[in-house]
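Read-outs throughout are calculated quantities, based only on the coordinates presented, and are distinct from any laboratory measurement. Values in this document were obtained by computation on a predicted structure and should not be read as measured data. Note that we place each Cβ from the backbone using ideal geometry, even for glycine, and neighbour counts take in every protein chain shown.
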Amino acid sequence: MITNNYKLVSKALLINEALIAYGDNPNSRKQSWQAEFPQDTECCKCGSEARLAFVVKEEEGDKKFAHTMHQNELAGLGPAWLHDAVAVAIYFCKKCLEPTALYNQA
Ligand SMILES: [Zn+2]
C-alpha cells in the first residue's frame, strides 16, 4: 500500500525515505553515491549478462539508514557492515534470473 509518505523525484519514486528508480528510467543509473551504475553486469551465479531492474538509494535527510542497523567492526576484523548511506542496484540474469546486486556508499 502506498501511503502519503511518497513523492516523485526526477521520475523516480521515494517510498519510506528511500529512492527507488526502475532500470528503464534514464536517470536510474545516476542514483548512486559514486560512479553511475552500469546498464548490465555479470551474473554472480553463472557469469551471463544480467540486466538492471532497479536502484534503491538512501537519501540525505532520511530518518533511517541501513548502516545504523549493525555495527561496522571491519577495522577490528569483526563483522563487516556498511559505514554510510548506500545505493544498491539490482540486476536479473538473462539466462538464469539470479539476482545480482552492485552497491556503493556515500
Ligand atoms: Zn545467471
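General remarks:
- Picking from residues in segment 42-82 that are assigned to a loop (DSSP other than H, G, I, E, B) and within 16 Å of the ligand (Cβ to nearest atom), the one that is nearest to PHE92 (Cα to Cα) is CYS43.
- Identity of the residue in segment 90-106, within 16 Å of the ligand (Cβ to nearest atom) and part of a strand (DSSP E or B), that ends up nearest to ALA35 (Cα to Cα): LEU102
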